[in-house]
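K.L.:
The structure follows.
All of the numbers you see were taken from the coordinates with simple rules; none came from a lab. These numbers come from a predicted model, not from an experiment. Methodologically, a virtual Cβ is constructed for each residue, glycine included, from the backbone with ideal geometry; neighbour enumeration extends over all protein chains shown.
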Amino acid sequence: MSVGDPTIDDDHKHLVELINTFETAISGTAIDHKRVARVLLGLVEYTGEHFAREEELQLKIRYPYHESHRRSHRDVLKKLSDIVTDYSKAPPGFARDSMVRGLANFLKEWLVDHIIQSDLRMKPYVLQMQAQKAEAMRRKREALLASQKMAGMEPDLDLEPLGKTAAPR
Ligand SMILES: [Fe+2]
């Protein structure tokens, strides 16, 4: 489920971990509300940071759907923080417990939707930018080697293998 950018991929892994922690907190016969509250707050905070990183990347790769993606990020963050507010106000008891259990499905669906439906669309643009970068690097090295040759210098051997094999990762 890689979007081609290691930072964003790591973010997604961390989001999965947070949601798994949430599931563990609600899986016992008695819900661990302390843990639930902690994970929900962490999720809101981390999601905000992740969205900011993702939006920054989208600007860099000139992602054409940047604006609508940014809007959907705002919607999701609003929804998440509303959930946390509702949860923090709910009195202990059956209603609060069933609210928390319903949340697990919402979070999983949201995450899958976010990564698979939405973020994976960035991948071709991420790969294209990486290929362009690699090509620019290759040209730069070639030009440098050519100028060294013209100046009658021994070519810098450190540059040569990279210049020939540089490929997008
Ligand atoms: Fe994402």
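K.L.:
Can you list the HN-Hα couplings for the stretch 3-17, worked out from phi with the Karplus curve (6.51, -1.76, 1.60; θ = phi - 60°), rounded to whole Hz and with x for Gly and Pro?
P.N.:
9, x, 10, x, 5, 5, 4, 5, 4, 5, 4, 5, 5, 4, 4
K.L.:
Sticking with this structure for a sec: GNM, the chain, Cα, under 10 Å: largest mean-square fluctuation among ALA37, ALA136, ALA104?
P.N.:
ALA136
K.L.:
While we're here: Where does each of PHE94, PHE51 land when they are ranked from fewest to most other beta-carbon atoms within 10 angstrom?
P.N.:
Exposure proxy ranking, most exposed first: PHE94, PHE51.
K.L.:
Taking each pair of different alpha-carbon atoms in the chain once, compute 1/r for the pair, average those values, and report the inverse of that mean as the Kirkwood hydrodynamic radius in Å to one decimal.
P.N.:
For the chain, the Kirkwood estimate is 19.0 Å.
K.L.:
Can you pull the one-decimal nm distance between simple spin-label points at ALA143 and HIS14, each 7 Å off the Cα toward Cβ?
P.N.:
3.7
K.L.:
For the stretch 84-98 and the stretch 4-61, write down the distance between their C-alpha centroids in whole Å.
P.N.:
21
K.L.:
Also, I was wondering about something else. What net charge do the residues around LYS79 carry, taking every other residue with its C-beta under 14 Å from that of LYS79, with Lys and Arg at +1 and Asp and Glu at -1?
P.N.:
-2
K.L.:
State whether the stretch 51-121 is rounded, prolate or oblate according to the following rule on the C-alpha gyration tensor (a ≥ b ≥ c being the square roots of its eigenvalues): a/c under 1.5 gives rounded; otherwise a/b larger than b/c gives prolate, and the remaining case gives oblate.
P.N.:
It is prolate, given that a/c is not under 1.5 and a/b is the larger ratio.
K.L.:
To continue, here is another question. In the stretch 6-121, what is the count of Lys pairs whose alpha carbons are under 20 Å apart, counting only pairs at least 8 residues apart or on separate chains? Please list the in-between numbers first.
P.N.:
Working: LYS13/LYS108; LYS34/LYS89; LYS78/LYS89; LYS78/LYS108; LYS79/LYS89; LYS79/LYS108.
Going through the stretch 6-121 pair by pair, I get 6.
K.L.:
Of LYS123, LYS89, how do they rank once you tally other Cβ atoms within 10 Å and put the fewest first?
P.N.:
By the 10 Å Cβ count, ascending, the order reads LYS89, LYS123.
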